[in-house]
Amino acid sequence: MVDADQTFVIVGGGLAGAKAAETLRAEGFTGRVILICDERDHPYERPPLSKGYLLGKEDRDSVFVHEPAWYARNDIELHLGQTVDAIDREVRTVRFGEDGTVVRYDKLLLATGAEPRRLDVPGTDLAGVHHLRRLSHAERLKGVLAALGRDNGHLVIAGAGWIGLEIAAAAREYGAEVTVVEPEPTPLHGALGPELGQIFTELHREHGVRFHFGARLTEIVGQDGMVLAARTDDGEEHPAHDILAAVGAAPRTALAEAAGLELADRAHGGGIAVDGRLRTSDPDIHAAGDVAAFPHPRYGTRLRVEHWANALNGGPAAARAMLGHDLTYDRVPYFFSDQYDLGMEYSGWAPPGTYDQVVIRGDAGKREFIAFWLKENRVLAGMNVNVWDVTEPVQQLIRSQAPVDTEALADPHVPLADVGSTRS
């Protein structure tokens, strides 16, 4: 069968899906490309939603992956505001949820992403309870933060992960009062461990954010449909005009599960299980982006990565695999964050329990440093804070898996390229 006779369907109109469609055309695929997006907005990138766009520093058009005319120009059949409610693997079809339209595919890519986890407490139906995942959420939240800043209002954020902290920073820039409730003893505990989490505690406290650690929200108190306060499981009550739930995201696997595709262990993040070529348990179906759990050769486990770079790189990798390219998806996970005057980039994977040492290179007190997480003198991950143009050498240390000289690693005068040349 020649390309022109084939139909490739992509379910999910985020960055991974849009970049997969772009890659299919860039690689010379001449068949039908159908991109199905359950939002009415054209595919967009998510980082600005909690950063520049939320702060009013980037305009709305800047978030889109391609200009609207690009899809027609490249013969991409874009279906906005549509969902897929069933996959029939035997005859290789997908069915649209709205009108029951059935489309046959030769290859199918699931890039369905993730959705915000909900607070399971009384009061979540009040008007002042918010999530941030979609462009429409960010548009609403911009207005909320501006009003809170103008009226000296108070925002309570449930969760001190990356989204929670970025929105805390944005809210303070608008002038809102902010309290962050977090069950762990530090922010970003699951991502950075206690050693580095404290740095973000101090950063936000300097900017007026109040933290309530070791507690969870148990109730949102309201009157006449409006939020008045948030109660925690240790008996505290925090005044609030609005609540942001930033308690993580869950992979959108319902479609894959209903189709009988293998899912990854929930203890390791869940998602759709794929192999090194991003193929699911059905060789004609691939998955990429937030929903895909892929085996990473460096870490010896499945990873499900909810970050921009994984969508940016995973979508094209899946597209090439769908075209028959021989590849292994083994990108080092990468993400970035901007909070106040702190900018950082993180490469690798080193949750608590996987490392035995943290090495600091530079001045943590001035927030100009690189942190490295090591196990048996091998670098698992690195985070550069207000230090730039080091991502490639940091990732090379991770990829090499070679023992490093920890004294050299901590010494800013020793080039990173030379750190792996001797053992400590």
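The values are calculated or read from the model by the stated rules, or taken from the named source; none is laboratory data. Nothing here was measured: the structure is a model prediction, and the numbers come from that model. Counting neighbours? That spans all protein chains shown, and the Cβs are built from the backbone with ideal geometry, glycine included. Surface accessibility is based on the protein's heavy atoms, side chains included, excluding ligands, DNA and RNA. Shrake-Rupley method; radii C 1.70, N 1.55, O 1.52, S 1.80 Å.
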Determine whether the range 49-62 contains at least one residue that is at positive phi, at pLDDT below 95, out of contact with any helix residue (DSSP H, G or I) (no Cβ under 6 Å at 6 or more places or on another chain) and not in a helix (DSSP H, G or I). yes
Would you check if there is a residue in the range 287-295 being more than 17 Å from A114 (Cα to Cα) and open to solvent by less than 40 Å² (accessible area, probe 1.4 Å)? no
Out of the range 70-87, which residues are touching a residue at least 60 places away in the same chain (Cβ under 8 Å) and farther than 14 Å from P43 by Cβ? V84, D85, A86, I87
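Any residue at all in the range 297-306 that is among the hydroxyl-bearing types (S, T, Y) and open to solvent by 50 Å² or more (accessible area, probe 1.4 Å)?
Scanning the range 297-306, I find no residue that is among the hydroxyl-bearing types (S, T, Y) and open to solvent by 50 Å² or more (accessible area, probe 1.4 Å), so the answer is no.
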Residues (part of a loop (DSSP other than H, G, I, E, B) and open to solvent by less than 90 Å² (accessible area, probe 1.4 Å)) located in the range 215-232: A215, G225
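Here is a yes/no grid of residues against (1) farther than 27 Å from T83 by Cβ; (2) in contact with a His (Cβ under 9 Å, 6 or more places away or on another chain); (3) basic (K, R):
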{"residue": "T201", "(1), (2), (3)": "yes, no, no"}
{"residue": "F213", "(1), (2), (3)": "yes, no, no"}
{"residue": "R216", "(1), (2), (3)": "yes, no, yes"}
{"residue": "V227", "(1), (2), (3)": "yes, yes, no"}
{"residue": "E236", "(1), (2), (3)": "yes, yes, no"}
Within the range 66-75, which residues are in a loop (DSSP other than H, G, I, E, B) and open to solvent by 30 Å² or more (accessible area, probe 1.4 Å)? E67, P68, N74, D75
Pairs, please: C-beta under 6 Å, at least 6 apart or cross-chain, first residue open to solvent by 60 Å² or more (accessible area, probe 1.4 Å) and in the range 348-359, second of a type outside the set (D, E) and assigned to a loop (DSSP other than H, G, I, E, B)? W349/Y299; W349/P333
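Against the definition (within 25 Å of H137 (Cα to Cα), buried (at least 19 other Cβ atoms within 10 Å of the Cβ) and either touching a residue at least 60 places away in the same chain (Cβ under 8 Å) or basic (K, R) (or both)), how does L55 come out, yes or no?
No: the conditions fail for L55.
L78 - would you say it is in contact with a Cys (Cβ under 8 Å, 6 or more places away or on another chain) and either part of a strand (DSSP E or B) or open to solvent by less than 80 Å² (accessible area, probe 1.4 Å) (or both)?
yes
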What are the pairs with Cβ atoms under 9 angstrom where one residue, in the range 89-109, is without any contact (Cβ under 8 Å) to a residue 12 or more places away in the chain and open to solvent by less than 80 Å² (accessible area, probe 1.4 Å) and the other, located anywhere, is assigned to a loop (DSSP other than H, G, I, E, B) and among the polar types (S, T, N, Q)? Sequence gap at least six, or different chains. T101/Q82
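Listed here are the residues, each with its yes/no results for (1) closer than 25 Å to D282 by Cα; (2) hydroxyl-bearing (S, T, Y); (3) under 27 Å from the mean Cα position of the chain (by Cα).
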{"position": "D59", "(1), (2), (3)": "no, no, yes"}
{"position": "E67", "(1), (2), (3)": "no, no, yes"}
{"position": "T83", "(1), (2), (3)": "yes, yes, yes"}
{"position": "V91", "(1), (2), (3)": "yes, no, no"}
{"position": "V94", "(1), (2), (3)": "yes, no, yes"}
{"position": "E98", "(1), (2), (3)": "no, no, no"}
{"position": "Y105", "(1), (2), (3)": "yes, yes, no"}
Hey, any hits in the range 66-73 for a residue that's out of contact with any Gly (no Cβ under 6 Å at 6 or more places or on another chain) and on the phi > 0 side of the Ramachandran plot? no
For L78, only one of the following conditions fails: (1) at pLDDT 95 or above; (2) within 29 Å of G143 (Cα to Cα). What is its number? (2)
Pairs with Cβ under 7 Å, 6+ apart, first in the range 11-30 and in contact (Cβ under 8 Å) with a residue 24 or more places away in the chain, second among the acidic types (D, E) and part of a loop (DSSP other than H, G, I, E, B): G13/E39; L15/E45
Tally time: how many residues in the range 233-257 are of a type in the set (G, A, S), assigned to a loop (DSSP other than H, G, I, E, B), in contact (Cβ under 8 Å) with a residue 40 or more places away in the chain and surrounded by fewer than 21 Cβ atoms within 10 Å (Cβ to Cβ)? 1
Out of the range 322-347, which residues are out of contact with any Phe, Trp or Tyr (no Cβ under 9 Å at 6 or more places or on another chain) and either assigned to a loop (DSSP other than H, G, I, E, B) or surrounded by 19 or more Cβ atoms within 10 Å (Cβ to Cβ) (or both)? G324, H325, D326, L327, T328, R331, Y340, D341
